[in-house]
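For reference, the structure is listed below as structure tokens.
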Amino acid sequence: MRRKIIAGNWKMNLTPREAVDFANSIKSAVDTDKADVVLCVPAVSLAPVLEAVSGTNISVGAQNMHFEDSGAFTGEISAKMLVSMGVRYVIVGHSERREYFAETDEGVNKKARKALAEGLVPIICVGETLHQREQGITIDFVRRQVRIAFLEISQEDAVKCVVAYEPIWAIGTGKTATSEQAEEVCAAVRQVLGEIYSVEVAAKIRVQYGGSVNGKNASELFSMPNIDGGLVGGASLKPEFADIVNH
Ligand code: PEP
């Protein structure tokens, strides 16, 4: 039985002080018996939010990392640095990073491998554009993204990963995929993972849906057989995040 995992992606929002205030309000409102809860906060807020949630079952995640250990990569942060702080998760390949920062499938694979090597859980994001959906190539496109993301990842490491299926047309638009649309692609993600590894391994990997999840639609989406929780953007910055976890 896969445990649900709800991750909030705060994106580039909140100062460290605001982040601590919000984390404090969330910490008493979420029921961590219902799901694994992860707050993916801006890099400057990692340390204060880690402190704010210490002693709870809430985990903290980064929104990005570099795949090298150290070196001349101005502005970047390594997996080792994140782990040394107590960070447990990292989002890799979010569509905003693919779109605005030219991240490729190959780069996503390098980041996922490095995250795993250092003991971080990568939340690997995949998802199609509206154009791709209209062309009828959603499943082929997402299958390819998953195949490349998992290249050279052992099955022991694969089961630690989280995949977030996020249709780009549903991110930050208020347009949620129907639970049937989300389930269809999450099931396809699990199927390709089954082809790469085995059905047994694929059955252990958690697949989230992301894209305008809110307090009202979460329960239906997360009740689908292949959807193991959500990656939540906008609503993760509101008290509503607790309703999504506690639904
Ligand atoms: C996201 O950024 O991963 C996301 C799903 O955003 P939103 O919930 O705002 O659509």
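Once the chain is represented by equal point scatterers at the alpha-carbon sites, with solvent omitted, what log10 I(q)/I(0) does the Debye formula produce at q = 0.10, 0.14, 0.16, 0.17 Å⁻¹? Normalising to I(0) and taking log10 leaves -0.42, -0.87, -1.16, -1.33.
Helices of the chain meeting both criteria, an alpha-carbon length of 18 angstrom or more along the long axis and an average Kyte-Doolittle score not below -1.0, with helices taken as full DSSP H segments, are 16-29, 179-196.
The solvent-accessible area of residue 131, taken with every protein chain present and a 1.4 Å probe, is close to 120 Å².
Could I have the simple spin-label model distance between residue 156 and residue 33, label points 7 Å from Cα toward Cβ, reported in nm to one decimal? It works out to 3.5 nm between the two label points. For the chain, the relative contact order comes to 21 percent (Cα pairs under 8 Å, sequence separation of at least 6).
Based on protein heavy atoms only, the range 103-164 ends up with 44 Å² per residue of surface accessible to a 1.4 Å probe. The residues 209, 100, sorted by heavy-atom accessible surface at 1.4 Å with ligands and nucleic acids left out, run 100, 209 from largest to smallest. A convex hull fitted to the Cα coordinates of the range 78-164 yields 89 cubic angstrom per residue.
Among the listed pairs 34/160; 114/238; 34/238; 34/80, a Cα-Cα separation exceeding 26 Å is found for 114/238; 34/80.
For the set 4, 204, 34, solvent exposure ranked by accessible area (probe 1.4 Å, protein chains only) runs largest to smallest as 204, 34, 4. A simple spin-label model places pseudo-atoms 7 Å from Cα toward Cβ; at residue 84 and residue 223 they are separated by 4.8 nm. Count Lys and Arg as plus one, Asp and Glu as minus one, and take only other residues whose Cβ is under 9 Å from that of residue 105; the net charge is then +1.
By a 1.4 Å probe calculation restricted to protein chains, residue 73 has an accessible surface near 90 Å², given to the nearest 10. In terms of the mean number of neighbouring beta-carbon atoms within 10 Å, the peptides 21-29, 141-149 order highest first as 141-149, 21-29. Give me the log10 of I(q) over I(0) for the range 175-247 at q = 0.23, 0.24 Å⁻¹, as the Debye formula computes it from C-alpha points; what are the numbers? Summing over Cα pairs of the range 175-247 leads to -0.93, -0.99. About its Cα centre, the dipole of the chain is roughly 220 debye, where the only charges are +1 on Lys and Arg Cβ and -1 on Asp and Glu Cβ.
Remark: the range 139-243 carries a charge dipole of roughly 200 debye about the Cα centre, counting +1 on each Lys and Arg Cβ and -1 on each Asp and Glu Cβ.
Taking +1 at the Cβ of each Lys and Arg and -1 at the Cβ of each Asp and Glu, which of 108, 168, 73 sits farthest along the dipole of the chain towards its positive end, judged by Cα position relative to the Cα centre? The Cα lying farthest towards the positive end belongs to 73. Of the solvent-accessible surface of the chain, computed with a 1.4 Å probe over protein heavy atoms with every protein chain present, carbon and sulfur atoms account for 52 percent.
Treating each Cα of the range 115-211 as an identical point scatterer and summing with the Debye formula, the log10 of I(q)/I(0) at q = 0.14, 0.16 Å⁻¹ comes to -0.49, -0.63.
The values are calculated or read from the model by the stated rules, or taken from the named source; none is laboratory data. Predicted model only: the values in this text are computed from it and were never measured. All Cβ positions, glycine included, derive from the backbone under ideal geometry; neighbour counts span all protein chains shown. Heads up: the accessible areas ignore ligands, DNA and RNA and are worked out on the full protein's heavy atoms, side chains in. Shrake-Rupley method; radii C 1.70, N 1.55, O 1.52, S 1.80 Å.
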